[in-house]
Structure formats: C-alpha cells, structure tokens
Amino acid sequence: MQCRLRAVGVAERRGHRHGVARAVELKGSASVLSDEGTDLTVAPQSNVPSNAAQDVPRLGLMRPPLVYLASLVIGSLIQLAMPLPFLPRTLTAALGASLVVVAIALFSYSVAKFRAARTPVPARKPTTVIVRTGPYRFSRNPIYLAFSLFQLGIAIWVNSLWLLATLVAAVALIHSIVIPREEQYLERRFGAQYLDYKASVRRWL
C-alpha cells in the first residue's frame, strides 16, 4: 500500500513539472490570441539587431548642429576682428535675406516630414523609417542643406568672406565624416531598403 502511494505521488510531481514546463513554453511563444481565438502572431524581423533601440550613428562631437554653430561663431569672431567683404553692398541684404528664408522653410518642411513619419530628427535617437517624401525625394540630407543655405545667407547678408570660409570647412566635415557614418548606420539598420533609396536620390542635390 505504501509503495502504491509513493508511485502516485511521483506521478503527480511529474505531471506538475510537465504542466509548469508547458506553461513556460506557452508564455515564451510570440503568438498572441484574441478573445475569438484569432492568431495575431507578429514575426520578428531577422535582419534587425536585438539592440536596435539603442543603435544610433556614432558621431561623437561631430553633431551637425554643433558643427554649423561652431562655424558661425568662429566666422563671426574673425569677421569682427578683421572684416573682409566679398560682394557689392547693394546685393548683400536682399540676396542674403532670401537665402535665410529659403533655408528656414526647407528646414521646417524637412522636420515636418520626419514628424509625420514618426521618426526622430536628432541623430542621437534611432531612426525608425526611411523618409522618402517631400524634400527627401530630391535630397537625402535636406536638413544639412538647409543649415548650409542658412549660413550662406548670413555670410552674404553681413558680407563676410570669413563666414563663407568657415561654411566651406563645416560642409567638408559634414560631407566627409558625418554623412558617411550616418549612411553606414542606415545601411546596417535598413539594408536593401536604404541602399535602394541611396541609389535613387543624391546626397545633397
């Protein structure tokens, strides 16, 4: 009688362990059922790394707003110390102001398209989607183009060759360091989708 009770106890313990294992297996499944029993399974994307939420371009101190801000500050300080005009004064105000307005409009339009697609603008946050509408149909970097046009407009407005020179340096840094790092990040994150966009739209214009 005691042997039979022990056998029953062992069978119950085994059944309990099997039930726990089955529950863990079901809990770890990616499949989700609705109240009506419909399968709402969402398959994970095999080509996206598991740490994608933390995956961002490695730009270090080469943040585009900082690059352009530094070029504006340095150019302005040199201009104050050693003014160096390069255009007739009659052209500067109208031409410079026009470029500044165009730059602000382009920047606002580009940011609006990012927000409409619900992808963050700052490079320190992960990109969630490739935006191909609005100005992104003609340029892969319309925001950097807007920054460049803005400083060009300021340089013409105040008639400063120094601001033009520091703008050239800023564009060189963006073109040779910042954009290649961002492109490597986007290729890694989106693969063929970004490569197709890259092949069909120019980097600047």
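Rule-based calculations on the coordinates, nothing more; no lab input. These figures come from a predicted structure and were not determined experimentally. Every residue, glycine as well, gets a Cβ built from its backbone with ideal geometry; the counts of neighbours run over all protein chains shown.
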Taking neighbour counts of Cβ atoms within 10 Å as a proxy for exposure, in what order, fewest first, do LYS113, LYS198 appear? LYS198, LYS113
Would you please state which residues of the stretch 65-87 a label at ARG115 would reach in this model, taking the label point 7 Å out along Cα→Cβ and a backbone N cut-off of under 20 Å? 65
Can you list the HN-Hα couplings for the stretch 177-194, worked out from phi with the Karplus curve (6.51, -1.76, 1.60; θ = phi - 60°), rounded to whole Hz and with x for Gly and Pro? 10, 5, 4, x, 5, 5, 5, 4, 4, 5, 5, 5, 7, 10, x, 4, 4, 6
